[in-house]
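Read through the structure below, which is laid out as structure tokens, and then see the notes.
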Amino acid sequence: MKQTKSIYQAHWQDLSLAKIDQLMAAMPVAGVIDILNWQEQYPTAPDTQFTLAHTDEMLYVRFEVKGEVPLATKTEDLEHVNEDACVEIFIANADNSRYWNFEFNAAGVCNASHRKSRKEDVVRLNTEQLQSIKRFPVQLCAAHWSLLVAIPLSLIEFDRSEHTRRANLYKCGDRTPMKHYASWNPIEAEAPAFHLPEYFGEILFDE
């Protein structure tokens, strides 16, 4: 199981997303989404890395993708953004009994739920919850893009006394010209499947 770290930032509360994006672009990379679990069928994926940071109120995840002209056909939250150029973070609750799946296309459109498994006890986020997730997409050049997302810690029921959460991060594109599926932590499944929390890695939250 892989581990990575989210860096605590005590003085980011009043910064704009644009400034936070600039700061995170200069931070050490937290991980690379490069595991091709189904390489025979899907042998390649765009180069994708992520950076993590948090304040007392927000978890910031910055994805950066190279080698993909982003497809972004979905325009409304809760649409199937996995069909577009998509980045995702799935993060478990404190006791690992359920998890949240946050999925974003390159424009920042979000599909998100809280669930026990892919088909069990699925609860879609409501409008207010979705609006609380801030997004900052940037097209760096034709085949190079980034997306910063800010997820309220209260939304994932994170207590600042916690120090770890199980999670995995993904890159996919079901209907992109180069259909692909990649993960940060390896997955043992016969066919592409991301809703497998038993294969989550671990995020360490520093103070």
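Summary of computed values
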| read-out | value |
| --- | --- |
| Strands (runs of 3 or more DSSP E) wholly inside segment 127-207 that include at least 3 residues being touching a His at 6+ places or on another chain (Cβ under 6 Å) and either closer than 22 Å to Ser6 by Cβ or hydroxyl-bearing (Ser, Thr, Tyr) (or both) | none |
| Residues of segment 1-22 that turn out to be over 17 Å from the mean Cα position of the chain (by Cα) and either under 25 Å from Arg166 (Cα atoms) or assigned to a loop (DSSP other than H, G, I, E, B) (or both), as a count | 10 |
| Within segment 78-114, considering residues that are surrounded by 20 or more Cβ atoms within 10 Å (Cβ to Cβ) and charged (D, E, K, R), the one nearest to Thr176 (Cα to Cα) | Asp84 |
| Ala107 vs. criteria aliphatic (A, V, I, L, M), under 14 Å from the mean Cα position of the chain (by Cα) and not in a loop (DSSP other than H, G, I, E, B) | no |
| Breaking point among (1) closer than 25 Å to Glu198 by Cα; (2) assigned to a loop (DSSP other than H, G, I, E, B); (3) of a type in the set (A, V, I, L, M), for Val87 | (2) |
| Long-range neighbours under 7 Å by Cβ, at least six apart or interchain, first residue free of Cβ contacts under 8 Å to residues at least 60 places away in the same chain within segment 148-177, second not acidic (Asp, Glu) | Leu155/Gln129; Leu155/Ser132; His163/Leu204; His163/Phe205; Thr164/Ile203; Thr164/Leu204; Thr164/Phe205 |
| Residues satisfying the stated conditions in segment 19-30, i.e. under 21 Å from Gly201 (Cα atoms) and either acidic (Asp, Glu) or crowded, with 20+ Cβ neighbours inside 10 Å (or both) | Ala30 |
| Segment 48-77: number of residues that are of a type in the set (Gly, Ala, Ser) and assigned to a loop (DSSP other than H, G, I, E, B) | 2 |
| Number of the condition not met by Ala45 [criteria: (1) part of a strand (DSSP E or B); (2) out of contact with any helix residue (DSSP H, G or I) (no Cβ under 9 Å at 6 or more places or on another chain); (3) among the small types (Gly, Ala, Ser)] | (1) |
| From the options Ala142, Ala167, residue that is among the hydrophobic types (A, V, I, L, M, F, W, C) and loosely packed, with under 13 Cβ neighbours inside 10 Å | Ala142 |
| Residue count for segment 143-162, restricted to those that are over 17 Å from the mean Cα position of the chain (by Cα) and either at pLDDT below 95 or among the aromatic types (Phe, Trp, Tyr) (or both) | 4 |
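Let's see how each residue does on (1) surrounded by 14 or more Cβ atoms within 10 Å (Cβ to Cβ); (2) touching a residue at least 40 places away in the same chain (Cβ under 8 Å); (3) farther than 18 Å from Asp206 by Cα; (4) of a type in the set (Lys, Arg):
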residue	(1), (2), (3), (4)
Lys5	yes, yes, no, yes
Tyr42	yes, yes, yes, no
Ala45	yes, yes, yes, no
Thr51	yes, no, no, no
Glu64	yes, yes, yes, no
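The values are calculated or read from the model by the stated rules, or taken from the named source; none is laboratory data. Since this is a predicted model, take the numbers as computed values, not measurements. Because the Cβ atoms are built from the backbone with ideal geometry, glycine has one as well, and the counts that use them run over all protein chains shown.
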